[in-house]
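A short worksheet on the structure shown next.
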Amino acid sequence: MYEIAIIGAGPAGASAALFAAKAGKKTLLIDNDKGMTRRGWYENFYGISEIGGPDLVETGHKQAVKFGAELVAEQATGLSASGEGFVIETESGAAYEAKHVILATGVLTDLAAKAGVETKDGTEPRIKTVVAATAEGKTNIDGIWAAGTVAGVSVHGIITAGDGAKVAVNVISELNGARYVDHDLLKA
């Protein structure tokens, strides 16, 4: 069983996976390769002068995998409670178990709604529906979290990336029973 599974691997999902895996949590990152980030051009992303969406997504995937996240190229089709966690079903028929699930599905709320996660009207232009989540990323179902655009956060990639990291830190903190902080230092 994975400790944390993330569905969606754009900036929010990949950031969440990077933090979760770097914290030593058994992490699964599921990506259907259809996210809107791949269609973007980014000149307003901190630390990067400019980058195309496909390269940004690929870099995020590599960072998460570098720290131990397992990346699965699949379409998640089902999410249901099972035992002490959840089962995520995919289009190929595979099933993955996880204690916590972070939804980072961008503009798509159908999987969340099908799982019984509450949704609400979106406030961003062209984002009609989002998951009803607290500032910490919690949904109405204990153990299912939401990050990024699907959680009602601004659609801007840099903002969703930060939100994914924030939600992952909150999940890690809950798993650890204490606030988690990750700071790397320059090596002398």
Looking at (1) closer than 18 Å to LYS66 by Cα; (2) buried (at least 24 other Cβ atoms within 10 Å of the Cβ); (3) at pLDDT below 95, which is the one condition that is false for ALA14?
(3)
Considering only residues that are of a type in the set (Ser, Thr, Tyr), modelled with pLDDT of 85 or more and assigned to a helix (DSSP H, G or I), which ones fall in the range 34-84?
THR59
Please work out which residue is surrounded by the fewest Cβ atoms within 10 Å (Cβ to Cβ), limiting yourself to the range 135-158 and to residues that are among the hydroxyl-bearing types (Ser, Thr, Tyr) and over 20 Å from GLY85 (Cα atoms).
SER154
Filter the range 30-46 for residues that are surrounded by fewer than 18 Cβ atoms within 10 Å (Cβ to Cβ) and either of a type in the set (Asp, Glu) or closer than 17 Å to ASP163 by Cβ (or both) and give the result.
ASP33, MET36, GLU43, ASN44, PHE45, TYR46
Check whether at least one residue in the range 136-155 is part of a loop (DSSP other than H, G, I, E, B) and of a type in the set (Asp, Glu), and report yes or no.
yes
Hits in the range 8-63 - residues which are in contact (Cβ under 8 Å) with a residue 40 or more places away in the chain, aromatic (Phe, Trp, Tyr) and farther than 20 Å from ASP184 by Cα:
TYR42, PHE45
Quick test for you: out of VAL150, VAL155, VAL169, VAL87, pick the one residue that is touching a strand residue (DSSP E or B) at 6+ places or on another chain (Cβ under 6 Å), of a type in the set (Val, Ile, Thr) and in contact (Cβ under 8 Å) with a residue 24 or more places away in the chain.
VAL150
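The values are calculated or read from the model by the stated rules, or taken from the named source; none is laboratory data. Everything numeric here is computed off the predicted structure, so don't read it as measured data. For neighbour counting, all protein chains shown are included, and Cβ atoms are generated from backbone atoms with ideal geometry for every residue, glycine included.
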